[in-house]
Amino acid sequence: MNKIYRIIIVMFMVFIFSTGILGSSRNNLTRFEWNTPQEETYVRFGQNIWKSQTFTIGTLTANKNYILVNIRLKLYKGFPSSEIMVSITAVDQNGFPTGSDLSTGTLDGNIVKTDSGPLGGEWYEINMSSYLLEKSKNYAIIVRSVRNYDTSSLTLKASDANSNYAGGKALRSDNSGTTWIIDSSIADLVFEVLTDNDSDSDDIFDSQDNCHLSANADQKDIDTDKIGDACDNCIYNYNTDQTDTNNNEIGNACEFTDGNLTDRVKILEQKTADLENKDKIKDNKISFLETSILLIRSYLTALQESIKKTMLCNYLKMNNKTIVEDLGLRCSLRLSNVCSCRKL
């Protein structure tokens with residue numbers, strides 16, 4: 001891939017993520033479901049008062065499986081707080097959270113800023129345990145804390161009835177998640193659900209992909225420098241720095257210059273010697289195999305002759321005959337009852 005083509009790909013990906021076609025990219029993560037309204041309201045939670053937001057895969061972006069990596073919530077608090085617990089669950093036929101947690105994460109409530117009012121609140125990222133969210137399915141984000149539920153409690157930003165998220169709804173539990181009801185005071189929580197990027201669409205996420213600008217599902221890396229061959233400017237020599245002094249897309253580690261010509265020749269000579277040694281080993285294996293086949297053939301021929309002689313000699317003895325010619329042999333039975341054979 002030439003340099004111009006790489007630049008075009010990068011510019012295209014920047015355009016895609018900046019326009020929100022695939023959701024915005026944050027720290028190499030991409031949101032795939034979200035609610036970020038222009039006008040915001042708020043809702044408190046704490047102790048036995050839990051909040052939830054359901055969402056449906058495929059509402060805002062491509063309807064496919066996603067690996068859950070991170071959830072972002074907009075929060076503020078009144079006074080020093082405690083740990084905030086966030087989890088993902090399945091939803092039942094009525095659209096309410098059900099079953100055990102599929103993914104969990106926590107946020108130190110003490111780092112949440114004290115900031116109230118219509119413009120208050122900051123985005124906070126909660127790292128979640130990795131989980132595969134399946135296409136078309138509904139899930140629930142559950143937010144809770146042991147902090148007292150009062151005017152100083154933790155507060156989630158939300159949207160009112162004029163700004164709805166079409167793929168889910170805001171829920172409330174007054175008994176620590178035992179039962180749920182629709183939270184009629186708001187429409188939806190302000191949230192983002194994020195996954196790792198797959199910039200080259202090779203089904204390997206960027207954080208695990210050794211070449212995320214060129215599709216390489218095989219992840220081939222001949223020189224084991226953790227840079228996939230599809231992106232490596234010198235695939236046969238370890239070069240993590242990818243230095244290319246003359247910008248000809250051939251890394252210095254593979255460039256034949258006065259400074260490294262001797263070293264490169266030595267490397268080539270060693271590789272040639274390795275190949276010749278492999279050929280010798282291969283030749284030896286072939287020679288051994290051929291010898292084995294000849295020995296087996298010789299043994300089978302001798303066995304066949306022995307069987308023929310036995311058959312003809314038994315024929316002479318059983319039929320009181322002295323000479324028989326058959327199967328390419330002439331066998332005779334002497335007076336001493338000794339049978340001898342020779343080829344015709």
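Structural remarks
- Breaking point among (1) at positive phi; (2) of a type outside the set (D, E, K, R); (3) surrounded by 15 or more Cβ atoms within 10 Å (Cβ to Cβ), for Gly328: (3)
- Some residue of region 105-114 being in contact with a helix residue (DSSP H, G or I) (Cβ under 7 Å, 6 or more places away or on another chain), under 23 Å from Ser185 (Cα atoms) and of a type in the set (Val, Ile, Thr): no
- Within region 327-344, the residues that satisfy the criterion of being of a type in the set (Ser, Thr, Tyr) and either in contact with a Leu (Cβ under 6 Å, 6 or more places away or on another chain) or in a strand (DSSP E or B) (or both) are Ser332, Ser340.
- Residues that are on the phi < 0 side of the Ramachandran plot and buried (at least 22 other Cβ atoms within 10 Å of the Cβ), drawn from region 31-62: Arg31, Phe32, Glu33, Asn35, Phe45, Trp50, Lys51, Ser52, Gln53, Thr54, Phe55, Ile57
- Cβ-Cβ contacts under 7 Å between residues 6 or more apart (or on different chains), taken from a first residue in region 246-258 that is farther than 8 Å from Cys234 by Cβ to a second residue that is of a type in the set (S, T, N, Q) and modelled with pLDDT of 80 or more, are listed as Glu249/Asn233.
Table: residues versus (1) surrounded by 13 or more Cβ atoms within 10 Å (Cβ to Cβ); (2) closer than 26 Å to Gly120 by Cβ; (3) among the aliphatic types (A, V, I, L, M).
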site: Leu133; (1), (2), (3): yes, no, yes
site: Leu171; (1), (2), (3): yes, yes, yes
site: Asn175; (1), (2), (3): no, no, no
site: Asp183; (1), (2), (3): yes, yes, no
site: Ile186; (1), (2), (3): yes, yes, yes
site: Val190; (1), (2), (3): yes, yes, yes
site: Asp206; (1), (2), (3): yes, no, no
site: Cys211; (1), (2), (3): yes, no, no
site: Lys220; (1), (2), (3): yes, no, no
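- Residues of region 124-172 that turn out to be assigned to a loop (DSSP other than H, G, I, E, B), touching a Ser or Thr at 6+ places or on another chain (Cβ under 6 Å) and farther than 23 Å from Thr61 by Cβ, as a count: 3
- The residues of region 189-247 that are on the phi > 0 side of the Ramachandran plot and of a type in the set (Gly, Ala, Ser) amount to a single one, Ser201.
- Neighbours by Cβ (under 8 Å, 6+ apart or cross-chain): first from region 120-149, in contact (Cβ under 8 Å) with a residue 60 or more places away in the chain and more than 19 Å from Gly78 (Cα to Cα); second aromatic (Phe, Trp, Tyr) and surrounded by fewer than 21 Cβ atoms within 10 Å (Cβ to Cβ): Ala140/Phe96
- Subset of region 92-148 [under 17 Å from Lys51 (Cα atoms), β-branched (Val, Ile, Thr) and modelled with pLDDT under 95]: Val146
- Test result for Ala187, within 26 Å of Met128 (Cα to Cα) and more than 15 Å from the chain's Cα centre (by Cα): yes
- So Asn162, is it surrounded by fewer than 19 Cβ atoms within 10 Å (Cβ to Cβ) and touching a strand residue (DSSP E or B) at 6+ places or on another chain (Cβ under 9 Å): no
- Residue within region 186-194 that is in contact (Cβ under 8 Å) with a residue 40 or more places away in the chain, in contact with a Lys or Arg (Cβ under 6 Å, 6 or more places away or on another chain) and not in a loop (DSSP other than H, G, I, E, B) present: yes
The values are calculated or read from the model by the stated rules, or taken from the named source; none is laboratory data. The structure presented is a predicted model; accordingly, all values stated were derived computationally and were not measured. As a convention, Cβ positions derive from the backbone with ideal geometry for all residues, glycine included, and neighbour counts pool all protein chains shown.
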